1. Take the range 120-138 and flag every residue that is surrounded by fewer than 20 Cβ atoms within 10 Å (Cβ to Cβ) and either of a type outside the set (Gly, Ala, Ser) or touching a residue at least 60 places away in the same chain (Cβ under 8 Å) (or both).
2. Can you tell me which residues in the range 108-141 are closer than 17 Å to GLY158 by Cα and either of a type in the set (A, V, I, L, M, F, W, C) or modelled with pLDDT under 95 (or both)?
3. If you check every pair at least six apart or on different chains, which have Cβ atoms under 7 Å apart with a residue in the range 48-73 that is basic (Lys, Arg) first and a residue that is surrounded by 13 or more Cβ atoms within 10 Å (Cβ to Cβ) second?
4. Pick from the range 155-199 the residues that are of a type in the set (S, T, N, Q) and either touching a residue at least 40 places away in the same chain (Cβ under 8 Å) or at positive phi (or both): which of them is surrounded by the fewest Cβ atoms within 10 Å (Cβ to Cβ)?
5. What's the number of the condition LEU79 fails, among (1) over 30 Å from SER195 (Cα atoms); (2) in contact with a Cys (Cβ under 9 Å, 6 or more places away or on another chain)?
6. Has the range 105-113 got any residue that is more than 28 Å from ARG165 (Cβ to Cβ), surrounded by fewer than 18 Cβ atoms within 10 Å (Cβ to Cβ) and without any contact (Cβ under 8 Å) to a residue 24 or more places away in the chain?
7. Does THR58 count as polar (S, T, N, Q) and loosely packed, with under 13 Cβ neighbours inside 10 Å?
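The values are calculated or read from the model by the stated rules, or taken from the named source; none is laboratory data. This one's a predicted model, so the numbers in the text were calculated from it and none came from an experiment. For neighbour counting, all protein chains shown are included, and Cβ atoms are generated from backbone atoms with ideal geometry for every residue, glycine included.
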Amino acid sequence: MLPGPACVYGLLYWVMRSIVPAWVALAFVPWVAVAQTPVKPVTPPPAPPTQPVYRGFTPGISYRAFVERAQALSDSDVLRCQTSPRTAQVMECGVVIRDPKDAARFYLSAHFIDGNADVVAFYDSAGFGDRRGVALLDRTKKELARLFGRPRPIGKSGWEWPYGRRAVRLSWRGRGTARWVSITLMDRDVMDRISAYVKAARRGKS
């Protein structure tokens, strides 16, 4: 004998009462877990600079870009360049510059091989008969650390910031209160080009 409609509806009612709360609980468990544990956005680390820039100059800078920047900063001085007696592809230039941003004054020089600088150097000194030399060195160290971060010590009187085959180097020496400082931008890939001219010179002597 089949159960009547009342019995069937009654059984369905009790079954649904027992199943529906379980479905609801299962449906909300993942959402509650997600709400309680928010996903933190992942911030990628900043990419390191590919090359250092100091007062508008970079290691490996082209001769034309160097001349334009040097003349813009020249302190009533004339840029002078001299080629190697063996080849015009090797050249050295120098001029006194003053950066208008902080009135810092340097003697600027650069050595070029095939139209690019393997070395760009800034020279400064102070403290002859006074205490400005110590302040000059301290100020230069702070400036370079702010620009390039923590340096790698080189001996007792040098710092370096490597950028692969390029680098920034600070060197100093002192006597009494006087200090001499040099800031050098180096490009070793350009520097290696000199070997072609050294070999050519050796062949010419033989």
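1. Residues of the range 120-138 that are surrounded by fewer than 20 Cβ atoms within 10 Å (Cβ to Cβ), as a first pass: 123-132, 134-135, 138.
Matches in the range 120-138: TYR123, ASP124, PHE128, ASP130, ARG131, ARG132, VAL134, ASP138.
2. So in the range 108-141, the residues closer than 17 Å to GLY158 by Cα come out as 119-125, 133-141.
Within the range 108-141, VAL119, VAL120, ALA121, PHE122, VAL134, ALA135, LEU136, LEU137 qualify.
3. Matching pairs, first to second residue: ARG55/ASP99; ARG69/GLY56; ARG69/PHE57.
4. Going residue by residue through the range 155-199, those that are of a type in the set (S, T, N, Q) are 157, 171, 177, 182, 184, 195.
This time we only want the ones that are either touching a residue at least 40 places away in the same chain (Cβ under 8 Å) or at positive phi (or both), so: 177, 182, 184.
On the way: THR177: 15, SER182: 19, THR184: 19.
Here the residue is THR177.
5. In the conditions (1) over 30 Å from SER195 (Cα atoms); (2) in contact with a Cys (Cβ under 9 Å, 6 or more places away or on another chain), LEU79 misses (1) alone.
6. Within the range 105-113, the subset more than 28 Å from ARG165 (Cβ to Cβ) is 105.
Pick out the ones that are also surrounded by fewer than 18 Cβ atoms within 10 Å (Cβ to Cβ) and you get 105.
From what's left, without any contact (Cβ under 8 Å) to a residue 24 or more places away in the chain: none.
Checked the range 105-113: no residue is more than 28 Å from ARG165 (Cβ to Cβ), surrounded by fewer than 18 Cβ atoms within 10 Å (Cβ to Cβ) and without any contact (Cβ under 8 Å) to a residue 24 or more places away in the chain.
7. Working: polar (S, T, N, Q): yes; loosely packed, with under 13 Cβ neighbours inside 10 Å: no.
No, not satisfied.
Results for (1) modelled with pLDDT under 95; (2) under 14 Å from GLY115 (Cα atoms); (3) over 21 Å from the mean Cα position of the chain (by Cα), shown as yes or no for each residue.
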position	(1), (2), (3)
GLN36	yes, no, yes
GLN51	yes, no, no
GLY56	no, no, no
PRO59	no, yes, no
VAL67	no, yes, yes
ALA72	no, no, yes
